[in-house]
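Laboratory data are not the source of any read-out in this text; all were calculated from the coordinates shown. Note that this is a predicted model, so its numbers are computed, not measured. Neighbour counts are summed over all protein chains in view; Cβ atoms, including those assigned to glycine, are modelled from backbone coordinates with ideal geometry.
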Amino acid sequence: MIKRIHVNQHNIRANTKGANLPVLTVKCYNSNHKVNEVHFNAGVLKYSPDKPLACGAKVWIETTEPVVLPELGITI
């Protein structure tokens, strides 16, 4: 299963104004996890300005390897 990891620029901007939001999103086929830390062994960094993800991300990491989300205590 492919997982996509990208940075949420809106949350970064909000955090500079005093919010405390997670800035990374890990997308799977059936879920989205918002965190500040992601561990994975291998992936591909992609840039696709002409065909962004549905959320608008133009740069992301794709991996089929297990992804560990320490904040949530899960591996997907």
- [ ] Could you work out how far apart the two model spin labels at residue 32 and residue 15 are, taking each label as a point 7 Å from the Cα in the direction of the beta carbon, and quote it in nm?
- [x] 1.7
- [ ] Determine ³J(HN,Hα), in whole Hz, for all residues of the stretch 26-40 in sequence, where each value follows from phi through the Karplus function 6.51 cos²θ - 1.76 cosθ + 1.60 and θ = phi - 60°; x replaces Gly and Pro.
- [x] 10, 9, 10, 5, 10, 7, 10, 10, 9, 8, 10, 9, 9, 10, 7
Open item on the list: Starting from 0.36 nm per residue, how many nanometres of slack lie between residue 42 and residue 72 once their C-alpha separation is accounted for?
Closed with: 8.7 nm
TODO: Taking amide H positions as placed in the peptide plane 1.01 Å from N, state which residues far from residue 8 in sequence (5 or more) or on other chains have amide H under 5 Å from it.
DONE: 24, 25
- [ ] For the chain, compute the number of Lys pairs whose alpha carbons are separated by less than 22 Å, excluding pairs fewer than 8 positions apart on the same chain.
- [x] 12
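If you put +1 on each Lys and Arg Cβ and -1 on each Asp and Glu Cβ, how big is the dipole of the chain around its Cα centre, in Debye rounded to 20? Mind showing how you got there, number by number?
Working: 9 positive and 5 negative charges, 60 e Å.
I would put it at about 280 debye.
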Open item on the list: Given the options 49, 73, 35, identify the residue whose Cα lies farthest towards the positive end of the charge dipole of the chain (+1 on Cβ of Lys, Arg; -1 on Cβ of Asp, Glu).
Closed with: 49
